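Asker: Before I ask anything, here is the structure I am working with.
The values are calculated or read from the model by the stated rules, or taken from the named source; none is laboratory data. Just so we're clear, the structure is a prediction, and the values are computed from it rather than from any experiment. Reconstructed Cβ throughout: ideal geometry from the backbone, glycine too, with neighbour counts over all protein chains shown. Heads up: the accessible areas ignore ligands, DNA and RNA and are worked out on the full protein's heavy atoms, side chains in. Shrake-Rupley method; radii C 1.70, N 1.55, O 1.52, S 1.80 Å.
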Amino acid sequence: PTQCDNWVRTSNGGHFASPNYPNMYPPNQECIYILEAAPRQRIELTFDEPYYIEPSFECRFDHLEVRDGPFGFSPLINRYCGLKSPALIRSTGRFMWIKFTSDEELEGKGFQAKYSFIPDPDFTYLGGILNPIPDCQFELSGADGIVRSSQVEQEGKTKPGQAVDCIWTIKATPNAKIYLRFLDYQMEHSNECKRNFVAVYDGSSSIENLKAKFCSTVANDVTLRTGTGVVRMWADEGSRLSRFRMLFTSFVDPPCSGNTYFCHSNMCINNSLVCNGIQNCAYPWDENHCREKRKTGLFEQITRTHGTIIGITSGIVLVLLVISILVQVKQPRKKVMACKTAFTKTGFQEVFDPPHYELFSLRDKDISADLADLSEELENYQKMRRPSTASRCIHDHHCGSQASNIKQSRTNLSSMELPFRNDFVQPQPMK
């Protein structure tokens, strides 16, 4: 916080004064003093004489502002100005926030105040040990970071069932500003700012530096013009489910130097934030072309160096494999003959011996008469077929010899013995 001259601190208290006191204070001044007592103590503030601050209606010009707490948004005790010094001022806790402001004209002597610490009557000693009260305050700094409400419960800053009133103070890198982007935001009672909200301050926690206050269903990005940001979350006893998570990024105005990256949105961030997996720019330019900027690993180096050789070798192996498969498919299969273990001469002769003919005589009269009728029919049939038969016959025993036999007499045919081939006995199959 900003301080202006004459600031003294002791274990029992101290004093502070306006610039140049007891002479005229200069114009355009803003001095902030934060008083802090030990746990279970309160603060008493008194003013010395002479005392003079430019008088105005409701102290709108030069004035002294006192708040009951450590922040610029803490409950206002009062604003003081004029010729008469304020009466004794007492805090309800162990912090007091004081700001002195002067405008461009009509200055005065100013003030000098003394503060002291007194025991807090609301607390008593337990066995001679003073139980400390945890303060729900957090500090963050650096090129970027995460502000999250879950930190309150993780560090035990508040007890279950109690209201949440916590502060995160953010410090940017030297000569840088702060860009805030909400990653998660939910208010249990939307549009009820008296029950839960998230407020952002630019430069200090003064009420005049309030940059944005969110209590609805949407929270927008916030760009601060200073290197100090204050985030406050308030949630009453019935709004403990309210939560938020916010990313802060330190940035500088263009032109960008050698160790910064241009975000295409009037901001330059540190090169270490590029391709870190988090969008630090207002637009995701810092994460769009990360493949080229990412450090290549061993596998990628091998792939780039020997990728062509590996590809050609793999192709050749694949072609040879296909050719071998095709050759195996086209090649005829070898026939395997099963050899017979024992050779049987009887079976071999039955297959290769010439056909056996049996002779019989036509001695039966009935059979002779039937054959005589059959011979006449065959002779008549042969007369009709002789012209065409001559051209068709191939073997002599099918044509000529048969014709001469037909002309024989019935008596000769009855006494003639005809050869007969036993075609009804089928030979055994070849094995």
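Asker: List pairs: first in the stretch 199-223 and at positive phi, second of a type in the set (S, T, N, Q), Cβ under 6 Å, 6+ apart or cross-chain?
Answerer: Close Cβ pairs (under 6 Å, with a partner that is of a type in the set (S, T, N, Q)) amount to Gly203/Asn209; Gly203/Thr226; Gly203/Thr228.
Asker: Another question, then. Which pairs do you get when a residue that is open to solvent by 70 Å² or more (accessible area, probe 1.4 Å), found in the stretch 76-100, comes within reach of a residue that is acidic (Asp, Glu), reach meaning Cβ atoms under 7 angstrom, with the pair 6+ apart or on two chains?
Answerer: Final answer for the pair search is Arg79/Glu65; Leu88/Glu44; Arg90/Glu44; Thr92/Asp68.
Let's see how each residue does on (1) at pLDDT 85 or above; (2) crowded, with 18+ Cβ neighbours inside 10 Å; (3) among the small types (Gly, Ala, Ser):
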| position | (1), (2), (3) |
| --- | --- |
| Gln3 | no, no, no |
| Thr10 | no, no, no |
| Ala17 | yes, yes, yes |
| Pro22 | no, no, no |
| Tyr25 | yes, yes, no |
| Asn28 | yes, no, no |
| Cys31 | yes, yes, no |
| Pro39 | no, no, no |
| Leu45 | yes, yes, no |
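Asker: Next question, about the same structure. Does at least one position in the stretch 245-266 carry a residue that is buried (at least 20 other Cβ atoms within 10 Å of the Cβ), assigned to a loop (DSSP other than H, G, I, E, B), in contact with an Asp or Glu (Cβ under 7 Å, 6 or more places away or on another chain) and modelled with pLDDT of 90 or more?
Answerer: Checked the stretch 245-266: no residue is buried (at least 20 other Cβ atoms within 10 Å of the Cβ), assigned to a loop (DSSP other than H, G, I, E, B), in contact with an Asp or Glu (Cβ under 7 Å, 6 or more places away or on another chain) and modelled with pLDDT of 90 or more.
Asker: Please find, within the stretch 203-229, the residue that is surrounded by the most Cβ atoms within 10 Å (Cβ to Cβ) out of those that are of a type in the set (D, E, K, R), within 20 Å of Ala176 (Cβ to Cβ) and more than 28 Å from the chain's Cα centre (by Cα).
Answerer: Out of the qualifying residues, it is Lys211.
Asker: Cβ-Cβ distance below 6 Å, separation of 6 or more or different chains: which pairs start in the stretch 31-49 with a residue that is in the same structural domain as Arg90 (by the TED database) and end on one that is in a strand (DSSP E or B) and of a type in the set (D, E, K, R)?
Answerer: Ile32/Lys99; Glu44/Arg90; Thr46/Lys114
Asker: Here's another thing I want to ask about it. Can you name the condition, by its number, that Glu208 falls short on among (1) of a type in the set (D, E, K, R); (2) at pLDDT below 90; (3) over 30 Å from Leu64 (Cα atoms)?
Answerer: (3)
Asker: Check the stretch 261-282 and report whether any residue there is within 25 Å of Gly72 (Cβ to Cβ) and hydroxyl-bearing (Ser, Thr, Tyr).
Answerer: No, the stretch 261-282 has no match at all.
Asker: Can you find a residue in the stretch 231-242 that is among the aromatic types (Phe, Trp, Tyr), open to solvent by 40 Å² or more (accessible area, probe 1.4 Å) and assigned by the TED database to the domain that holds Gly142?
Answerer: Residues of the stretch 231-242 that are among the aromatic types (Phe, Trp, Tyr), as a first pass: 234.
Filter once more, so that each one left must be open to solvent by 40 Å² or more (accessible area, probe 1.4 Å): 234.
If we keep only those that are assigned by the TED database to the domain that holds Gly142 too, we end up with 234.
Checking the stretch 231-242: at least one residue is among the aromatic types (Phe, Trp, Tyr), open to solvent by 40 Å² or more (accessible area, probe 1.4 Å) and assigned by the TED database to the domain that holds Gly142.
Asker: Let me ask something else. Can Tyr51 be described as modelled with pLDDT under 90, closer than 19 Å to Leu88 by Cα and within 59 Å of the chain's Cα centre (by Cα)? Even if it seems obvious, please write down each step before you answer.
Answerer: Numbers: modelled with pLDDT under 90: yes; closer than 19 Å to Leu88 by Cα: yes; within 59 Å of the chain's Cα centre (by Cα): no.
Answer is no for this residue.
Asker: Then there is this: Condition first: surrounded by 14 or more Cβ atoms within 10 Å (Cβ to Cβ) and in a loop (DSSP other than H, G, I, E, B). Now tell me which residues in the stretch 158-187 satisfy that.
Answerer: If the condition is that a residue be surrounded by 14 or more Cβ atoms within 10 Å (Cβ to Cβ) and in a loop (DSSP other than H, G, I, E, B), then Thr158, Ala163, Ala172, Thr173, Ala176, Met187 are the ones that fit.
Asker: Separate question: Identify all residues within the stretch 169-228 that are within 16 Å of Arg148 (Cβ to Cβ) and among the acidic types (Asp, Glu); write none if there are none.
Answerer: Result: Asp184, single match.
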